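Below is one structure, written out as structure tokens, with a few remarks after it.
Every number in this text was worked out from the coordinates using simple rules, so none of it is lab data. Predicted model, so just to flag it, every value in this text is computed and none were measured. Cβ sites come from the backbone with ideal geometry, for glycine too, and all protein chains shown count toward neighbours.
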């Protein structure tokens with residue numbers, strides 16, 4: 001750690017007294033603040049050692065990861081729409097220019113009301129893609145047809161300088177092609193929405209989950225939606241959460257917070273000014289709503305996780321968690337949870353804070369560890385603000401190292417936390433499975449989690465008497481754009 005500057009050299013902070021205080025600044029909270037923009041090498045140095053496994057376990061972990069990956073490659077594609085969507089995602093990977101273009105197009109196109117603006121977006125996103133490289137690469141007729149269609153539409157909507165087609169023919173075809181593309185993308189995204197969103201209502205999602213529950217999977221429900229912009233938005237989300245908690249509670253049938261279904265709530269959906277600058281308002285107006293939702297979840301004995309938000313909201317979320325954990329009405333309830341993001345440099349310090357809070361409140365907190373959900377916006381915001389560093393790691397391997405180091409910290413505090421490891425990465429899964437020692441596994445030690453529609457093939461190999469798996473289900477009245485948005489943020493798990 002860098003030594004603090006002497007007072008004479010410290011930068012002036014004339015407005016520091018105006019900064020809202022979210023809670024008492026103890027040593028653990030101060031450690032979180034200090035780690036906000038730690039230089040990357042400095043942050044990673046201790047994590048590299050913490051993430052390292054003994055040689056025998058490292059070899060066992062690698063063997064398990066290779067076995068899982070090999071089985072997945074040999075696995076036959078799912079039938080029906082699920083297989084079609086899997087084929088498209090494998091061919092047009094999100095690491096490729098074409099995959100990113102498709103996801104940007106998919107998420108935005110369904111939100112644009114007028115045809116003219118939709119056509120402009122299609123021209124922008126499809127004209128420059130190298131769609132020809134995808135021809136004939138898949139065994140799926142549908143995927144190959146999609147590649148041909150995208151190649152042709154890319155040609156059709158390209159600029160006049162595009163070689164190979166006469167400009168008059170291109171213009172004529174483009175006029176008829178764009179409405180066809182609009183219709184095709186709309187149909188494809190609705191099909192994907194059915195794959196990645198469990199239901200448009202909580203009752204529909206619960207009904208659609210029964211088959212997987214019979215196979216041994218547990219469930220958590222995520223009410224997808226944007227942050228509230230008005231008090232009316234917040235009220236609508238509050239009512240939706242109350243209805244969802246009651247419905248999930250009835251479906252749980254007394255199975256408890258670990259074996260039964262749970263729910264995740266987004267705090268920024270419950271208050272239109274969920275920001276540190278409005279900390280006083282948030283504590284006065286949002287906390288009573290949050291506490292009532294938690295009491296409702298306790299009555300049904302189901303788990304309630306506070307979902308992750310952007311980095312500037314972390315301390316505010318922790319302040320609410322701290323007050324909630326010490327709420328006398330919730331004493332003895334083991335279903336309170338919090339989602340943490342390994343790509344944030346503060347994540348190890350956040351774990352220390354949560355473990356201390358759990359012991360102080362004499363409860364076991366549920367902690368879902370994810371890779372991260374807002375990487376692109378975190379990087380962009382830091383650049384726009386001219387910050388000297390980033391709150392998140394800039395490379396995925398760094399996040400993977402941090403994820404394993406944080407997993408080890410969580411497993412080292414079984415009295416204080418119930419770890420929920422959310423990942424679709426075979427290596428991360430195998431490392432944690434080996435780290436936790438499967439011979440000592442019991443039902444309440446930890447669980448793995450994955451997104452519905454994305455991780456089932458991986459976790460079908462894992463869910464067994466020596467590992468529990470929970471699907472994070474999405475519920476949204478507009479499944480198509482929600483699914484596209486989720487696919488566009490793949491690093492979350």
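Here the simple spin-label model places points 7 Å from the Cα toward Cβ, and for residue 48 and residue 277 these points are separated by 4.0 nm.
Rank-order 302-309, 275-282 by packing density, defined as the average count of other C-beta atoms within 10 Å over each peptide's residues, highest first.
302-309, 275-282
Using a Förster distance of 35 angstrom, determine the FRET efficiency expected from the C-beta separation of residue 59 and residue 444, and round it to 0.05. After rounding, the FRET efficiency stands at 0.75. Counting 0.36 nm for each residue step from residue 323 to residue 69 and taking away their Cα separation leaves a gain of 87.1 nm.
Relative to a virtual label point 7 Å from the Cα of residue 27 in the Cα→beta-carbon direction, which members of the stretch 310-352 show backbone nitrogen distances below 14 Å? 352, by backbone N distance to the label point. The stretch 365-380 and the stretch 208-240 have their alpha-carbon centroids 19 Å apart. Net length available on complete extension from residue 284 to residue 40 is 84.2 nm, with 0.36 nm assigned per residue and the Cα-Cα distance removed.
Rg/Rh for the stretch 198-492 stands at 0.93; both radii use Cα atoms, and Rh follows the Kirkwood definition.
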